[in-house]
Every structure is written in structure tokens, then in C-alpha cells.
């Protein structure tokens with residue numbers, strides 16, 4: 001019981017890191033999924049399953065972390081901040097899951113250059129978040145956390161530009177009813193991809209706020 005009341009500092013950071021490990025795995029699977037659309041040698045169903053598996057695993061870690069938060073007498077940083085960061089990162093994984101599952105539910109058979117760019121940027125942002133969370137445990141790596149958060153913000157800015165280009169391209173030429181339906185479907189798909197980047201930016205902002213209050 002005492003070990004639950006006063007857990008070692010590293011337990012929280014290990015769980016946060018494990019959570020972001022699942023996030024990176026889900027992002028990489030989503031990238032392979034989006035990139036491989038239209039390729040008969042790519043098993044899209046298996047990749048969607050991989051994303052869902054990592055989301056489920058992340059949920060288990062989140063539950064363990066939240067339970068530990070409420071059982072612990074002390075925490076390495078403010079417990080509300082840990083909870084907020086956990087929920088923010090969970091939104092990233094949920095957004096990745098939505099992207100992956102929409103490929104099946106919306107019958108998206110082929111990718112586009114813009115979709116591949118957004119998937120790549122999403123995976124990159126998730127890697128940066130992972131590195132930031134790993135560095136968060138060490139007080140002498142504050143600058144590294146700050147740099148990774150700035151990188152996430154820059155990636156999100158690039159993604160906004162790609163998103164605008166994607167939507168502009170979709171509606172640049174009028175077509176028949178089938179073309180209009182395809183445009184609407186892809187606009188929704190791009191929006192789901194943008195949610196991944198927005199959630200990453202939100203997580204990075206929370207990390208920066210943690211640094212401001214604890215350094």
C-alpha cells in the first residue's frame with residue numbers, strides 16, 4: 001500500500017512514455033496505411049487493426065496512469081497537469097484511430113499526395129511528442145523538451161498549409177455527382193487527419209505549460 005501512496009518518481013514518467021510509444025506506433029501504422037492505399041500488396045485491414053490495437057493498449061496505460069494519480073499522495077509534477085497531458089495525448093491516438101477506421105467506413109480506396117503529406121506530418125509530430133515526454137523526466141533536458149514542442153508547432157503550421165491546398169484542389173474543378181461525393185468524402189478525411197495535428201499541438205502546449213510551472 002505504501003508503494004502506491006508514495007510511488008517512485010519514475011513510475012509516472014515511464015507510463016507517460018509508454019503511452020506515447022503506443023501513439024508513435026499508431027501514427028506509423030497510419031502512415032503506412034495511407035501511403036499504401038491502392039497498392040494490392042498492402043494489407044489495409046491489418047494496418048487498421050494495428051492502429052486499433054495500439055489505441056486499446058494506450059487506453060489500458062491511460063487507465064493505469066489515472067488510477068495511480070488518484071491513489072498517490074505525491075506526484076513528480078502537478079497531478080492535474082499529468083492528467084491533462086495524458087488526456088491530450090489520448091486525443092492524438094483517438095484521432096489516429098478515426099483516420100484509420102474512416103478508410104474502411106468511407107471506402108477510401110486510393111490515397112492522394114496531400115493525404116500522404118498529412119500522414120507523414122502527423123507521424124513526425126508524434127515522434128517529437130514522444131521525445132519531449134522522454135526528456136521531461138530530466139530537469140537538465142528542459143531545452144530539449146522546449147525544442148520538440150516548437151517543432152510540433154512548426155509541423156502543425158505546415159499541415160495547415162497542406163490542408164488548405166488539399167481542399168482547394170478538391171473543389172478546383174466542377175464535376176458530376178460522383179465527383180462531388182468524392183470531394184466531400186475526401187474533405188472529411190483530410191479534416192480527420194488535421195485533427196491529429198491539432199491534438200499534437202495541444203499536447204505540446206500542455207508540455208510547455210508544465211515546464212513554465214515546474215522549472
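The values are calculated or read from the model by the stated rules, or taken from the named source; none is laboratory data. Model, not experiment: these values are computed from the prediction. Cβ atoms come from the backbone with ideal geometry, glycine included; neighbour counts cover every protein chain shown.
Take residue 38 and tell me if it is without any contact (Cβ under 8 Å) to a residue 24 or more places away in the chain and over 12 Å from residue 12 (Cβ atoms).
Details: without any contact (Cβ under 8 Å) to a residue 24 or more places away in the chain: no; over 12 Å from residue 12 (Cβ atoms): yes.
Spelling it out, it is not the case that residue 38 is without any contact (Cβ under 8 Å) to a residue 24 or more places away in the chain and over 12 Å from residue 12 (Cβ atoms).
Residues in segment 131-148 that are in contact (Cβ under 8 Å) with a residue 60 or more places away in the chain and buried (at least 22 other Cβ atoms within 10 Å of the Cβ): 132, 133, 136, 145.
Tell me which residues, restricted to segment 12-21, are closer than 13 Å to residue 131 by Cα and in contact with a helix residue (DSSP H, G or I) (Cβ under 8 Å, 6 or more places away or on another chain). Of everything in segment 12-21, those that are closer than 13 Å to residue 131 by Cα and in contact with a helix residue (DSSP H, G or I) (Cβ under 8 Å, 6 or more places away or on another chain) turn out to be 13, 16, 17, 18, 19, 20, 21. Would you pick out the residues in segment 46-67 that are in contact (Cβ under 8 Å) with a residue 24 or more places away in the chain and out of contact with any helix residue (DSSP H, G or I) (no Cβ under 7 Å at 6 or more places or on another chain)? Passing the criteria: only 59. Can you name the residue in segment 1-23 that is at pLDDT below 50 and outside any helix (DSSP H, G or I) and is also surrounded by the most Cβ atoms within 10 Å (Cβ to Cβ) among such residues? Across segment 1-23, the extreme among qualifying residues is 6. Looking at 172, 180, 166, 159, just one residue is assigned to a helix (DSSP H, G or I), free of Cβ contacts under 8 Å to residues at least 40 places away in the same chain and either more than 23 Å from residue 10 (Cβ to Cβ) or over 22 Å from the mean Cα position of the chain (by Cα) (or both), and that residue is 180.
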